[in-house]
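Participant: Okay, handing you the structure first.
What follows draws every value from the coordinates through simple rules; no lab data is involved. Model, not experiment: these values are computed from the prediction. We place every Cβ from the backbone using ideal geometry, glycine too, and count neighbours over all the protein chains shown.
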Amino acid sequence: MSGRILPRPVVPDPLSVPSLRWAILGTGWIAARFVEALQQHTAQRVVAVGSRTAARAAEFAAQHGIELAYGSYEELVASDVDAVYVATGHLDHFAHATLALEAGRPVLIEKPMTPRLSEARALADLARARGVFAMEAVWSLALPRYSVVRQVLQQGLLGEVVEVHANLGERLVDHHRAMDPVQGGGAMNDIGTYAMMFANEVLPGLRVLAAHGQRHAARGAVGQFHALLGDGAGRQATVSASMLADTPSTAYVAGTEATLSLDAPFYQPGPVVVRFHDGERLRYEEPALAHTQLFWEALEVARCVEAGLAESPLRTLDQTLATISLMEQARELMGDPASASNAR
């Protein structure tokens, strides 16, 4: 026996984390999944919801048993709450997170924090200047699965990392918002951010060396893209995302001693496999529970707020800025007008 073992997840008991009073800014699909996850699995309290109209806020509140409903986002962030979850459209994140931060409310901002690097920097600067907690809602990083991944990398079980790959594909051509460039839709913002995040987390300091995207003829958004990334040490990462077709949606980290693999979908709960060059395989098992596990990111916010932290060590603002920079670099190489190239 080699004596090799995989680390166990280091995550909190969902019911033991101090309870925050949450306000939900936005009433779309992801907002509903977030609220349901908190209510089913944690002691967190969702006490308020805000929408552009009082009727929609009241409807969402009634559906989810939320006490307070507000017909404006300004009223919502002014209410007596401990944290705000921003769950509006990609292009609205900047304005709505700014509202929360200026009101002094800790904020969890749905990914991508903003599609534009200049706006993301402005949010990070505002949060730091005000001393208010802010975090991008990349839920993957708070999952037990990713606790195992981080520990494998930290312990050097793979040896020296030489290559990273992440692919994500889901056919979404009939999804109006996701395929609408006017609303910030497209493969990069909606799903490619996960692949870029994964590469950036494993190999900080990457730059985009090449990128190519394919625009959907009818919808106008970039429906899929591939990108090659590298760093000064010659290490490489390949990332790809497609909303034109279902793809394997797996990821791996290849090292000089072993390779770590994440079964599909790599950004959700699931197993971790480490295969060594001598043939030994170690496997961590975790049920694939999809969006019922969104609560882990809320627990990270609650843990940090209770500890008086202004940023999460799982997703610092600098990590978010680095990922958004990679997204913007890829867009520029693809000639995507949604790149907001003036955001430098």
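Participant: What number results when the radius of gyration of the range 191-344, computed over Cα atoms, is divided by 2.2 N^0.38 Å?
Facilitator: On the way: Rg = 17.4 Å, N = 154, 2.2 N^0.38 = 14.9 Å.
Working it through for the range 191-344, the quotient is 1.16.
Participant: How big is Rg to Rh over the chain, alpha-carbon atoms, Rh as the Kirkwood inverse-mean-distance radius? Before the final figure, lay out each step's value.
Facilitator: Details: Rg = 19.8 Å, Rh = 20.5 Å.
With Rh from the inverse mean 1/r over Cα pairs, Rg/Rh is 0.96.
Participant: Taking only the C-alpha atoms, wrap a convex hull around the range 167-271 and report its volume per residue in Å³ as a whole number.
Facilitator: Working: hull volume 10.4 nm³, N = 105.
So the per-residue Cα hull volume is 99 Å³.
Participant: Another question about this same structure. Quick check on packing: order 272-280, 147-155, 237-245, 97-105 by the mean number of other C-beta atoms within 10 Å, highest mean leading. Please report the intermediate quantities before stating the final value.
Facilitator: Details: 272-280: 15.1, 147-155: 17.6, 237-245: 22.3, 97-105: 20.1.
Taking the mean over residues of other Cβ atoms within 10 Å, the ranking is 237-245, 97-105, 147-155, 272-280.
Participant: Apply the a/c threshold of 1.5 to the C-alpha gyration tensor of the range 72-198 and tell me whether it is rounded, prolate or oblate.
Facilitator: Working: a/c = 2.28, a/b = 1.33, b/c = 1.72.
The shape class here is oblate.
Participant: Can you put 336, 318, 180, 82 in order of Cβ neighbours within 10 angstrom, beginning with the fewest?
Facilitator: In order of increasing Cβ crowding within 10 Å: 318, 180, 82, 336.
Participant: Based on DSSP H runs of at least 4 residues, each adding -39500 (n - 2.57), what is the mean residue ellipticity at 222 nm of the chain after dividing by all its residues, to the nearest 500 deg cm²/dmol? Please list the in-between numbers first.
Facilitator: Numbers: 9 runs with 106 residues, N = 344.
The helix contribution divided over the chain gives -9500 deg cm²/dmol.
Participant: Please report, for the Cα atoms of the range 21-139, the Rg to one decimal and the Dmax as a whole number; what are they, in angstrom?
Facilitator: Computed over the Cα atoms of the range 21-139, radius of gyration and Dmax are 13.2, 38 Å.
Participant: If the only charges are +1 at each Lys and Arg Cβ and -1 at each Asp and Glu Cβ, what is the size of the charge dipole of the range 130-214 around the Cα centre, to the nearest 20 debye? The partial results should precede the final answer.
Facilitator: Details: 6 positive and 8 negative charges, 43 e Å.
Here the range 130-214 has a charge dipole of around 200 debye.
Participant: Still on this structure, I have one more. So if R0 is 25 Å, what FRET efficiency would residue 281 and residue 154 give, r being the distance between their Cβ atoms, rounded to the nearest 0.05? Spell out each step's value before the answer.
Facilitator: Details: r = 20 Å, r/R0 = 0.82.
Calculated value: 0.75.
Participant: Between residue 128 and residue 212, what is the label-point separation in nm under the 7 Å Cα-to-beta-carbon projection?
Facilitator: About 3.8 nm separates the two model spin labels.
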